[in-house]
Each structure stands twice: as C-alpha cells, then as structure tokens.
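**Student:** Would you mind keeping the following structure in view while I ask a few things?
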Amino acid sequence: MALRQLDNRTARAIFMDRHALAEPPAGRSKGADLLELIQRLGFVQLDSINTVARAHDMILFSRRPSYRSGNLKRLYERDRALFEHWTHDAAVIPMEYYRHWHLRFLRDADLLKSRWKNWRRDGFEQQFETVLTHIRDHGAVSSSDVGKDEKKGSGGWWDWHPSKTALEFLWRSGALTVVGRDGFQKRYDLTERVIETHLCPGQHPCDAEATVDWLCNAALDRLGFATSGEIAAFWDTVSPAEAKDWCAKALQSGVLEEIEIACVDGRMRKLFARPDLTDDLADLPRPTGRMRVLSPFDPMLRDRNRAERLFGFHYRIEVFVPEAKRTYGYYVFPLLEGDKLIGRIDMKAHRDAGELRVRALWPERTIRWSDARTGRLEAELDRVRRFAGLDLVSFAQDWLKKPK
C-alpha cells in the first residue's frame, strides 16, 4: 500500500503550528498564559549570550510580543511552575513534567560519574556530603559560596573546583534543584525543600518503560511528524534504540503510521505520524506575513538538518568559529516571514548608547528584497528595540548584503 504523502508547504504549516509560529504573534504572556505556551513548546532552552536579549527571552518574545523577561523569572522562581534541567541543553521545563525526569536523573548520574572523572575534576565525589550539609545548614547557594579554598583545573569550560562539580552533579542527578539565577549564575537548594514531596525522586520507583512512552509521545506531539531518531533527540533522554523500539510497537498497534513528507528540494522522506495528523488541516492558521526575528536557539531551528530539509535554510551558529573564518557573524538571527526563512541579520544592542545596531543582513538566494520588506523589517526591529530597552535602531552603511 502506498504511503500517505504531504507536500512541503503542508508539512511546514504543521511544523510551524506545533512550534506556535503559524498564528500572528500576539496574546497574553504572563502567568498561566505563558506557562501554556511553554507547555506547548515542551521546554525553553536557556542560554547566556546577550547580544540583543538572551535566547529564552527571544524565543518567548517572538511568539508573544508583550512578553518581558521578568514574566519568565516570576513563573520560574516565584510561582515554581517551571524547573530547570537538561534536554539537549539547559532548559526550563513545566513542573508537571518533573516526575518524567526521574529517569534522566538516574541516567545522568551514571553518565557523569564516568565522564567527569576524565575532565580533571578528581575529588568531586568526596564533596557530596560537604556540599549537601552546607546547603542544609545555610540555604540555597551558588558555586561561589562553596569550595572557596579549592583549586580549579587548568582552564577551559571544565575549569571547575571539586565543590562546583559536586553541585552540578547533585543537580543533574536530582538531589539538588536550581531555584533561580543571579545574573546567569545558578542557585541550588535541596530538592525536598523545593519540589512537592510526591514528585521527589525516591518517593516511588522510576518506571523506565512508562517514562520512555511518555517522552516519545510528548516529543511526537510537538514535532507533528518525525523519525525515531528525531523523537529520541527531542528530550535527549530516550536512547535511539528505545525510540526505534517504541515506534515499531506503536506502528504495529496502529498508534502511528508511516507517511512521506516532501522536502523543499522535492525529495520524499519517510517519517512517523499520528493517523489523524491531517484531520484538521483546514483549521491550521495561515502563517502570518509579519516579519519576525528568531533566536538562533529557537525550537523550530534546534534541529538544523530538519530546518534545512523543510525550509531550505542552512544555519550554523558561529560563536565558536574564529572571526576570520565566519561566513556571517558571531551571533546572527534568522528572519521568518510567512512560512519562509528569508534571511539572517547581524545586529547587537549597544546599551551604553541606547542603540540596536544592524551591521548586515543577508537575504536568502530565493528572496527578492524589496522596499516593502525593508518596511516590515524596520517595524520588527522597532519592536525588538523596545523589547531590549533601547532608544533607536541604526544601520551600518551598505547593511543589505548580496546572498551568499
């Protein structure tokens, strides 16, 4: 029997809808409304780079322009509606998903004990009880509050003293919980003082099979259609083998079906989807023509290869690329218009001058840059300018570049 096929435009519409980017950017952005948006996305990645605004703030702003960074901070630190842990990277995650992270705690404990011993952190295990006792007696701490007399390593990302490493390990394995950040420095407290008792690790056995089932279902719901590898990578807790086995069983039971999706170049790709995926296509919002600046870490772009197959947009962040070897720039923002990624813009907030300075914009090869597009860009940059707390937008001479 021939597989059901979806054309590229329909696939993009479904994918954008699942990532809350099809409907016009509008709506309430506080409290329960903000939490509902994060639940829809699954999680929001945290990142410290603040070229214009931090990634998590840009992700939420691009969907709800009324959003301000204090809204997330209140939801996370005051309301405890979110917790911080890892998916493919550090992220804030709805608290109602916490019980599904017990498996992650166990797996991180096994992984990190072996991995970190090889990263010049010898002695961190001996600091577990000392760190826990200090927090029990003095309350939440940051890494600067412990291990003050300990030597660090030899430099680099792993340049942590043993107590800092112990803090991170105890957080990743569930004994500690991050309760907020000062600047971007994490503060840790005992999990039993932060998380409701019935949710805490150890209150009931970890059911690995049930957790894998929930994680795979939740990943597919947010992707719309996916390979087993993409399902595994979404939360980055389920192994590729577990996701492959889950898909095989779900396919056999009729929970999933195989379909073919047209990539932007016309090639067909076989993926898994719910049998009812296309039942409500008529109700999908028509992607808004308003231009939007996306974070480099936006959920729609997290899987760079998937974004390239669906949208024909090749994107790689160049933060760690030496300046002379960069194709575009240190931290370049993708531009979304309708259901197309139309270009990328290199800009930075100069807060001392109150300016959002645009250095360059590169349209995609298939895009004709018109005066109307410049007008839509200027309107979006003015919104970004206000969001970043700046006074004006300025453009470098010859800012509009030829496609590369």
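**Student:** Going by average Cβ density within 10 Å per residue, which order do the peptides 80-93, 374-387 take, highest to lowest?
**Tutor:** The packing order, highest mean first, is 80-93, 374-387.
**Student:** Between Ala241 and Glu192, what is 0.36 nm times their sequence separation minus the Cα-Cα distance? Round to one decimal in nm.
**Tutor:** 14.3 nm
**Student:** Counting only protein heavy atoms and using a 1.4 Å probe, what share of the accessible area of region 253-388 belongs to carbon plus sulfur, as a whole percent?
**Tutor:** On the way: 2910 of 6490 Å².
Carbon with sulfur: 45 percent of the solvent-accessible area.
**Student:** Within region 195-233, name every residue whose backbone N is under 12 Å away from a label modeled 7 Å from Cα of Leu111 along the Cβ vector.
**Tutor:** Backbone N within reach: 233.
**Student:** Would you mind pulling out the separation of the Cα centroids of region 319-385 and region 187-212, in Å?
**Tutor:** 42
**Student:** Return the tail of the calculated pair distribution for the chain, meaning the percent of Cα-Cα pairs more than 41 Å apart.
**Tutor:** Cα-Cα pairs of the chain separated by over 41 Å account for 19 percent.
**Student:** Relative contact order for the chain using alpha-carbon pairs under 8 Å, separation at least 6, rounded to a whole percent?
**Tutor:** Taking the mean separation of contacting Cα pairs over the length of the chain, I get 17 percent.
**Student:** Ignoring ligands, DNA and RNA, what accessible area per residue does region 193-246 give at 1.4 Å, in Å²? Mind showing how you got there, number by number?
**Tutor:** Details: 2410 Å² over 54 residues.
Normalised by residue count, the accessible surface of region 193-246 is 45 Å².
**Student:** What per residue convex hull volume, in Å³, comes out for region 1-151 when only alpha-carbon positions are used?
**Tutor:** Considering the Cα atoms of region 1-151, their hull volume per residue is 212 Å³.
**Student:** While we're on this one: Counting each DSSP H run of 4 or more residues in the chain as -39500 (n - 2.57), what helix-only mean residue ellipticity at 222 nm follows after dividing by all residues, to the nearest 500 deg cm²/dmol?
**Tutor:** Result for the chain, helices only: -10000 deg cm²/dmol.
**Student:** Taking R0 as 35 Å, what FRET efficiency do you get between Glu129 and Lys348 from their Cβ-Cβ distance, rounded to the nearest 0.05?
**Tutor:** That gives a FRET efficiency of 0.20.
**Student:** Same structure again: Going by a ≥ b ≥ c, the root eigenvalues of the Cα gyration tensor, does region 214-255 fall in the rounded group (a/c under 1.5), the prolate group (a/b larger than b/c) or the oblate group? If you can, show how the numbers build up before the last one.
**Tutor:** Numbers: a/c = 1.82, a/b = 1.24, b/c = 1.47.
The shape class here is oblate.
**Student:** Then there's this: Kindly report the accessible area of region 302-397 per residue (heavy atoms of protein chains, probe 1.4 Å, no ligands, DNA or RNA), in Å².
**Tutor:** Per residue, region 302-397 has 50 Å² of solvent-accessible surface.
**Student:** Any of Lys73/Lys148; Lys30/Lys348; Lys244/Lys270; Lys340/Lys402 with alpha carbons more than 23 Å apart? Name them for me.
**Tutor:** Numbers: Lys73/Lys148 28 Å; Lys30/Lys348 27 Å; Lys244/Lys270 14 Å; Lys340/Lys402 18 Å.
The answer is Lys73/Lys148; Lys30/Lys348.
**Student:** To continue, here is another question. Let me know the shape class of region 283-399, please: from the alpha-carbon gyration tensor, a ≥ b ≥ c as square roots of the eigenvalues, rounded when a/c is under 1.5, otherwise prolate if a/b is greater than b/c, or oblate. Display every interim value, and only then the final one.
**Tutor:** Values: a/c = 1.60, a/b = 1.17, b/c = 1.37.
Taking the square roots of the gyration eigenvalues as a ≥ b ≥ c, region 283-399 is oblate.
**Student:** While we're on this one: In µm²/s, what is D for region 220-371 at 20 °C and 1.002 mPa s, where D = kT/(6 pi eta Rh) by Stokes-Einstein and Rh is the Kirkwood radius from Cα pairs?
**Tutor:** In µm²/s, the coefficient is 119.
**Student:** Give the carbon-plus-sulfur fraction of the accessible surface of region 1-138 in %, rounded to a whole number; probe 1.4 Å, heavy atoms of protein chains only.
**Tutor:** 48
**Student:** For region 241-320, state the average projected area of the convex hull of the C-alpha atoms over all orientations, rounded to one decimal in nm².
**Tutor:** 7.9
The values are calculated or read from the model by the stated rules, or taken from the named source; none is laboratory data. Just so you know, these numbers come straight off a predicted model, no measurement behind them. Don't worry about glycine lacking a Cβ; one is built from the backbone with ideal geometry, like all the others, and counts go over all protein chains shown. The accessibility values were calculated without ligands, DNA or RNA, using every heavy atom of the protein model including side chains. Shrake-Rupley method; radii C 1.70, N 1.55, O 1.52, S 1.80 Å.
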